[in-house]
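Quick notes on the structure that follows.
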């Protein structure tokens, strides 16, 4: 028997796996002492998100259809990174692939657990500055639209609920606060 905080795990068995996730079934004793079950989704990659900011406080977002929610979504450039690769390297790759942007200056602004009641997925979000531009190189299974807009407009889209992606919402609100507090240097 394995103890995890106030929980006791009697057994755990992987029930499903893809290249990106695995789902396991756990027989447990919950904190009240009752027998129960718990399903855990393990993410094999880290989630990385990037908020590119130019000297005029413009940013870029990516639009795409998201199969699990059956809806079109506007988001910061984001994707997965192998756990044995530094998250910054994965973020640099994602920004280049999805937006065709490279940056000289990077700052990690946020780490977050995306759905800690059911999964172990972790996200790392960066701000990228001192930008250079090229052509996007999306993955074969991505059909992306790229949009440039003032960062302040993206903040308003988040506040109106037009942008709902968790990495985007959390990252945008954090960067907005950092900008208001003067904690992001080199900006107007």
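Laboratory data are not the source of any read-out in this text; all were calculated from the coordinates shown. None of these values were measured; they are calculated from a predicted model. All Cβ positions, even for glycine, are placed from backbone atoms using ideal geometry, and neighbour counts span all protein chains on display.
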Spin-label model distance (nm) - residue 173 vs residue 133, 7 Å beyond Cα toward Cβ: 3.1 nm
- request: Rounded to the nearest Å, what's the spacing between the alpha carbon centres of segment 90-121 and segment 142-188? Just the number, please.
  value: 14 Å
- request: Using label points projected 7 Å from each Cα along Cα→Cβ, tell me how many nm separate residue 153 and residue 12, to one decimal.
  value: 4.6 nm
task: Round to the nearest 10 and give me the degree value, 0 to 90, for the angle of helix 87-99's Cα axis relative to the longest principal axis of the chain.
output: 50 degrees
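Give the peptides 118-125, 33-40 in descending order of average Cβ contacts within 10 Å, highest first. Please report the intermediate quantities before stating the final value.
Working: 118-125: 18.1, 33-40: 11.6.
So the order, starting with the most tightly packed, is 118-125, 33-40.
Output the peptides 165-171, 9-15, 107-113 sorted from most to least packed, where packing is the average of other Cβ atoms within 10 Å over each peptide's residues. The partial results should precede the final answer.
On the way: 165-171: 20.9, 9-15: 11.4, 107-113: 15.1.
Highest mean packing first, the order is 165-171, 107-113, 9-15.
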task: On a 0 to 90° scale, report how tilted helix 166-180 is relative to the longest principal axis of the chain, with both axes built from alpha carbons and the result rounded to the nearest 10.
output: 50 degrees
field: P(r), alpha carbons of segment 1-101 - 10 Å bins starting at zero, rounded %
entry: 13, 28, 26, 20, 11, 2
task: Treat each spin label as a single point 7 Å out from the Cα along the C-beta direction, and report the residue 20 to residue 164 distance in nm.
output: 1.8 nm
- prompt: Per residue and in cubic angstrom, what volume does the convex hull of the Cα atoms of the chain have?
  reply: 149 Å³
- request: State whether segment 95-188 is rounded, prolate or oblate according to the following rule on the C-alpha gyration tensor (a ≥ b ≥ c being the square roots of its eigenvalues): a/c under 1.5 gives rounded; otherwise a/b larger than b/c gives prolate, and the remaining case gives oblate.
  value: rounded
